[in-house]
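Presented below is the structure to which this report refers.
The values are calculated or read from the model by the stated rules, or taken from the named source; none is laboratory data. Quantities reported herein were computed from a predicted structural model and do not represent experimental measurements. Positions of Cβ are generated from backbone atoms using ideal geometry, with glycine treated the same way; all protein chains shown enter the neighbour counts.
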């Protein structure tokens, strides 16, 4: 997400020159470029105008502190205003209510409402230990009820059945009673996808809202629809008092216009970002962290949080002790690390949160894709336990067998074995006394320019 905007903004501030303080003259061209970058990211024109005006007012006259460039000074102003534009701080779900706290989920057709409910259930079950029930009031699409049932089973929450012959109002009221009997903390009510121009459907959801009196009314919208996402959220908010927005499919959105427009146009906070179809593909929306990602500064805080939650710490300790004892780094160890990486959302997710990756060439980013990780795991899975322990055994005939088993080429096997050899040598350096210090000394002069040591 934001790849295009990040690159454009990085190029813009890099050109800014001058001394002393920021003035109308020396930031004029930069602000024009920032304006164009936001418009290309499909941010709404009124939002762009208001944003640029705020940046100009805040920037002009600001002293440029010694040891920083005018570009860096402007970046700080832009960052602060981006945070403000997106809502200043994370806003969590407000679920302090007499159980069950009802959460009504609305949105356009195909936006990902049902999948988002499953992700929210997974998030609240794991992070907050909540007991949850779900019900579908989508009587227009029988497959929607079945989909919610399957997802509820997958995440381990209580599914309350419903039939297409019932009225949505009756389904919701019955579900509240059943959730009370089940002692559920939260009840998610899934609704049919509807267009904001369909007055009959909008009236139905208004009646549903009044009947269930939800503590949260969430609007789910596809981030790839850009400023249309913000406009549809505004239309829904005028018909239904929304409390927040969930942006879905953010992993497929290189522009990010929706994230930058929704709060300004609707006045409602973005509460979560959804990625992919996996049940754990949901993260709370933190404006300050997202602003850092937009400006190419990464999001180390979120990356560390993901590592703490998703990395198998027992496996990490085992590998650390093994390497320290000098027992070597086997192909099985490499596989374990690759699987850990996949559990954190893959290489793309990690690159998105690392500082400075905006400056990486597209060729490098293309090579660092999740498909290559999947291929590496498949190659190792095609080996025997003995081959994983003793890679030197793997000669021509074995390579052919392994490549065939993985559905890949012998060259792919050779590439993996070479990477493993390089990693093994590096691990040996760590196992020696003063390993990290000696390793960093050996890397001097070999690191890419501007890489922090």
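For the stretch 101-151, the tally of residues that are closer than 18 Å to residue 168 by Cα and touching a residue at least 24 places away in the same chain (Cβ under 8 Å) stands at 23. The strands (runs of 3 or more DSSP E) falling completely within the stretch 107-218 include none with 2 or more residues that are buried (at least 21 other Cβ atoms within 10 Å of the Cβ) and modelled with pLDDT under 85.
Per-residue answers, yes or no, for (1) surrounded by 11 or more Cβ atoms within 10 Å (Cβ to Cβ); (2) under 31 Å from the mean Cα position of the chain (by Cα); (3) outside any helix (DSSP H, G or I); (4) modelled with pLDDT under 90:
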position: 402; (1), (2), (3), (4): yes, no, no, no
position: 417; (1), (2), (3), (4): yes, no, no, no
position: 421; (1), (2), (3), (4): yes, no, no, yes
position: 430; (1), (2), (3), (4): yes, no, no, yes
position: 433; (1), (2), (3), (4): no, no, yes, yes
position: 439; (1), (2), (3), (4): yes, no, no, yes
position: 446; (1), (2), (3), (4): no, no, yes, yes
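When you check residue 180 against the structure, is it in contact (Cβ under 8 Å) with a residue 60 or more places away in the chain, in the same structural domain as residue 282 (by TED's automatic domain parsing) and more than 23 Å from residue 95 (Cα to Cα), yes or no? No; evaluated as a whole, the condition is false for this residue. Within the stretch 39-58, how many residues turn out to be closer than 10 Å to residue 78 by Cβ and either touching a strand residue (DSSP E or B) at 6+ places or on another chain (Cβ under 7 Å) or crowded, with 18+ Cβ neighbours inside 10 Å (or both)? Of the residues in that region, 2 qualify.
Looking across the stretch 377-399, just one residue is loosely packed, with under 13 Cβ neighbours inside 10 Å and in contact with a helix residue (DSSP H, G or I) (Cβ under 6 Å, 6 or more places away or on another chain), and that is 393. More than 21 Å from residue 92 (Cα to Cα), touching a helix residue (DSSP H, G or I) at 6+ places or on another chain (Cβ under 9 Å) and without any contact (Cβ under 8 Å) to a residue 24 or more places away in the chain - does that describe any residue in the stretch 200-219? Yes: one or more hits. Quick check on the stretch 373-382. Is at least one of its residues at pLDDT below 90, within 30 Å of residue 290 (Cβ to Cβ) and either over 22 Å from the mean Cα position of the chain (by Cα) or assigned to a helix (DSSP H, G or I) (or both)? Within the stretch 373-382 (the criterion being at pLDDT below 90, within 30 Å of residue 290 (Cβ to Cβ) and either over 22 Å from the mean Cα position of the chain (by Cα) or assigned to a helix (DSSP H, G or I) (or both)), the answer is yes, since at least one residue qualifies.
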